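The values are calculated or read from the model by the stated rules, or taken from the named source; none is laboratory data. For clarity, every value in this text was computed on a predicted model and none was experimentally measured. No Cβ is skipped: glycine too gets one built from the backbone with ideal geometry, and neighbour counts run over all protein chains shown.
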Amino acid sequence: MKLDIGRLIPYTFLLITISSVNQWMKFPIGNTVIWWSIYAIIISLFIAAKKNYYDSSNEKSIRFLLAFLVWNIICIARGLWVAENYWEWKNLVGVGMVLLLPFSIYISANPSLVQNIVSAWMKYALPAFFLMLPFFIAGDAIGRYLVPVSFMLLFFALLPLKWKIVMCVATVFVIFSALNARSNVIKFGISGILGLVYYFHRYIPMVVWKSARILFFVVPICFFSLAVSGSFNIFKISEYTGGEITARVSDQGAYVDENLAADTRTDIYQEVIFSAINHHYVWFGRTPARGNESKMFGDYALDVLKTGKMERYSNEVSILNIFTWTGVVGVCLYFLLFFSASYWAIYRSNSAIMKIVGLSVSFRWLYAWIEDFSEFDLSYLFLWVMIGMCFSKSFRAMDDLDFKYWIWGIFDRRYREIYAIQSPSIDTIPENKLTIE
């Protein structure tokens, strides 16, 4: 009997859900080798899905994604000559698979596959959340587990009433269960705001969509330039305002006051940049085998791991990881794929929903300069799902009514048939008909 890859892929996301919170579980499941094997199989399934589930007419739009993927493969290959010890080989394998996640384009550009992925997660993983909750150690795990909820918030206006309530309750729970998990609060908050934009989309001129997109791309570069020049450092905002933003949070069973505006990024930026300059890997990166030289965190690698080097293999800030592993070349390609993905979604689509998805991708470029871990987890994978949607001619051909049936089909199979009838065939839609203004 022939194996149907399309039926397997939704269940791989259930496995990734577990691995995404494994480090916060009282009883971790599996080990590194087991999870590496699972990740390798998942990437192989993504690649194998190309034959039957990927529309080759998308090739025109994904050239920057493919360029980034090729450069990542080159950096991984370079890492074979760079790695010198067990931990560097381990980092090369683990990070290497993270850098291969753009292969998910072969599944995320297919509306039916994405629908099945989210449907399977809602059917199995969401109910299982309540069973797993007592086994979580830290509040941060809650937001990491419920990432698909933040994805669904983008389509909030089109959700059935029952599921609107579910998404609202889940979002409130994520935010208030751990206010010190700032990344979860920000991601869910922004997704919620973007989802509400749909209610007003008829009154939003195209110039506003375009301007918001550009703003997300320009802001981090401007703030970075101001910080380097010494004029203004956004991470030290409490020094300029003269106050702190504190909240009472749980820390290992005890409640403490934590400054939510504390600067936890400036020193990391300085270490990463000076490491690259001092060791001459600014342009092409140090490959996924190596990390940046670090006085703050390097003692662990030197004394505990016995690597003989004071390095940190990855940081909380996604863009700094891309820079360390793939250099300025990788960062530029990363920028171009985000920029082009959001362009196709906002300029060349038939629905307000795709414009909202495009803005979400633009925001994730901005947020990559603040945090957004580069890991093989739900958060990073759903980022690639959104990028794939932006590049997908099938998704961009859908109007808002198509999206309504597509969304409802996630929860009820009957609507999948209606969507199949209503949705136009991509073969019948000329490329110039996917242009707004």
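Pairs meeting the criteria (first residue in the range 21-45 and in the same structural domain as Ser379 (by TED's automatic domain parsing), second residue among the basic types (Lys, Arg) and surrounded by 15 or more Cβ atoms within 10 Å (Cβ to Cβ), beta carbons under 7 Å, at least 6 apart or on different chains) are Val21/Arg144. Looking across the range 85-110, the residues that are more than 27 Å from Phe335 (Cβ to Cβ) and in contact (Cβ under 8 Å) with a residue 40 or more places away in the chain come down to Asn85, Trp87, Glu88, Trp89, Lys90. Among the residues of the range 106-128, are any crowded, with 18+ Cβ neighbours inside 10 Å and among the hydroxyl-bearing types (Ser, Thr, Tyr)? Checked the range 106-128: at least one residue is crowded, with 18+ Cβ neighbours inside 10 Å and among the hydroxyl-bearing types (Ser, Thr, Tyr). Taking residues in the range 200-211 that are more than 16 Å from Ser362 (Cα to Cα), and partners anywhere that are surrounded by 11 or more Cβ atoms within 10 Å (Cβ to Cβ) and at pLDDT 95 or above, the pairs with Cβ atoms closer than 7 Å and at least 6 places apart or on different chains are His201/Ala352.
Among the residues making up the range 298-353, those that are among the β-branched types (Val, Ile, Thr) and outside any helix (DSSP H, G or I) are Thr307, Val317. Filtered by the rule that a residue be of a type in the set (A, V, I, L, M, F, W, C), farther than 18 Å from Trp325 by Cβ and part of a helix (DSSP H, G or I), the range 38-56 gives Ile38, Ala40, Ile41, Ile42, Leu45, Phe46, Ile47, Ala48. Please go through the range 266-281 and give me each residue that is buried (at least 16 other Cβ atoms within 10 Å of the Cβ) and assigned to a loop (DSSP other than H, G, I, E, B), ordered by number. Selection gives Tyr281 alone. How about the range 117-139: which of its residues are more than 12 Å from Thr17 (Cα to Cα), assigned to a helix (DSSP H, G or I) and at pLDDT below 95? Result: Phe130, Leu131, Leu133, Pro134, Phe135. Can you confirm whether the range 116-124 contains a residue that is among the β-branched types (Val, Ile, Thr) and under 22 Å from the mean Cα position of the chain (by Cα)? Yes, there is a match, as at least one residue in the range 116-124 is among the β-branched types (Val, Ile, Thr) and under 22 Å from the mean Cα position of the chain (by Cα). The condition of being surrounded by 20 or more Cβ atoms within 10 Å (Cβ to Cβ) and assigned by TED's automatic domain parsing to the domain that holds Trp365 holds for only one of Phe323, Phe339, that being Phe323. If the condition is being in contact (Cβ under 8 Å) with a residue 40 or more places away in the chain and surrounded by fewer than 24 Cβ atoms within 10 Å (Cβ to Cβ), then the range 364-373 contributes Leu366, Tyr367, Ala368, Trp369, Ile370, Glu371, Asp372, Phe373. Of the residues making up the range 142-164, those that are touching a Leu at 6+ places or on another chain (Cβ under 9 Å) and farther than 19 Å from Met386 by Cβ number 1. Taking the range 23-40 as the range and being surrounded by 13 or more Cβ atoms within 10 Å (Cβ to Cβ) and at pLDDT 95 or above as the test, the residues that pass are Trp35, Trp36, Ile38, Tyr39, Ala40.
The one condition from (1) modelled with pLDDT under 95; (2) over 19 Å from the mean Cα position of the chain (by Cα) that Leu45 does not meet is (1).
Cβ-Cβ distances below 7 Å connect the following pairs, each with a first residue in the range 312-339 that is without any contact (Cβ under 8 Å) to a residue 40 or more places away in the chain, a second residue that is among the aliphatic types (A, V, I, L, M), and a separation of six or more residues or different chains: Val331/Ile319; Val331/Ile322. Tell me, yes or no, whether the range 130-140 has at least one residue that is crowded, with 22+ Cβ neighbours inside 10 Å and in the same structural domain as Gly409 (by TED's automatic domain parsing). So far as the range 130-140 goes, no, none of its residues is crowded, with 22+ Cβ neighbours inside 10 Å and in the same structural domain as Gly409 (by TED's automatic domain parsing). Evaluate the following for Phe156: is it aromatic (Phe, Trp, Tyr), within 15 Å of Ser119 (Cβ to Cβ) and within 20 Å of the chain's Cα centre (by Cα)? When the stated conditions are applied, Phe156 does not pass them.
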